[in-house]
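Contents: one structure, followed by commentary.
Rule-based calculations on the coordinates, nothing more; no lab input. In this text, all values refer to a predicted model and were calculated from it rather than measured experimentally. Please note: Cβ atoms are built from the backbone with ideal geometry, for glycine as well, and neighbour counts cover all protein chains shown.
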Amino acid sequence: MFINNFLYNLYGISNRSLRKLILKIIYKSEGGDFYSITLRKIFEKYHGVSIGMYSYGGCFSYDNIQANTVIGRYCSFASNVYIYNGNHPITFKSLHPFFYNPDVGHVDELKIKRSTTTIGNDVWVGQNAIILPSASEIGNGAVIAAGSIVTKNVPPFAIISGNPAKIMRYRFSEDIINKIVQSAWWDKSIEELKQNKSEFETFTKPYF
C-alpha cells in the first residue's frame, strides 16, 4: 500500500517513460485493471478520466481516452478505442492548436468547447471504435461494434454499428431491459454477484 501511494504521487512528476513503468508495476501489484484502485486514482487525477470498478482494457489508455470522460462499472473495452471531447475550430481562421489550446503555450485560455462523455455500466466497446464529441452519453448495457464511428448518444442496451454508427437492434425486449435497469446489478461487488452467478450465464434469448 505504501509503495503504491508513493508511485501514485511519483506519477505526477514523472516523464512519459517512467509513467508507463509505474502503471505496469501497479497493474501487477493490484491484480490488473479489473481490481486496481490506484490505477483508477491515477487516471482520474492526472488524466481526467473516471473509470468504474471492474471495467478493463482500452479504457486505460491516456493517449486514446481524453479528459472529461466518465466510464461506468463492469465495462469491456477492446484495444485502440478512441474517445474525443473536442474538435478543431472550423470557423476560426486557423485550425491549429496554437490558436485555441492553452496547453501548447500561445493562448491564455481554451478557445473551444470541451464536452463530457459519460459511458454507462456494462458497456462493450469493440476494437477501433471512435466516440466523437457529439456523442455525450452511452447507455447502460450498450454494445458498440468494432470499427464504429459514434456520432450521437446511444440508448441503453442498443447494439450499434457502422460509420456513422446506427442502431442495429436491442439486446433484449423493453420489459427485460426495464427489469435489468431496476436491478442495478452493476452497483454490487463481484463478491456479492458470485453468490448468484448462474443468473449471468444464461439470462434470455437475444431480442431481434
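Project the alpha carbons of the stretch 1-47 onto their principal axes and report the range along each, largest first, in whole Å.
For the stretch 1-47, the Cα extents along the three principal axes come out at 25, 18, 18 Å.
Using all C-alpha to C-alpha distances in the stretch 30-120, build P(r) with 10 Å bins and read off the rounded percent in each one.
16, 43, 24, 15, 2
Rounded to the nearest Å, what's the spacing between the alpha carbon centres of the stretch 133-203 and the stretch 4-23? Just the number, please.
For the stretch 133-203 versus the stretch 4-23, the Cα centre distance is 34 Å.
Give me the tail of P(r) for the chain as a percent: Cα-Cα pairs with distance above 27 Å. Provide the component values of the computation, followed by the final result.
Numbers: 8549 of 21528 pairs.
Of the Cα pairs, 40 percent sit more than 27 Å apart.
Looking at 141, 104, 62, which one has the Cα that reaches farthest to the positive end of the dipole of the chain (charges on Cβ: Lys, Arg +1; Asp, Glu -1)?
Farthest towards the positive pole: 104.
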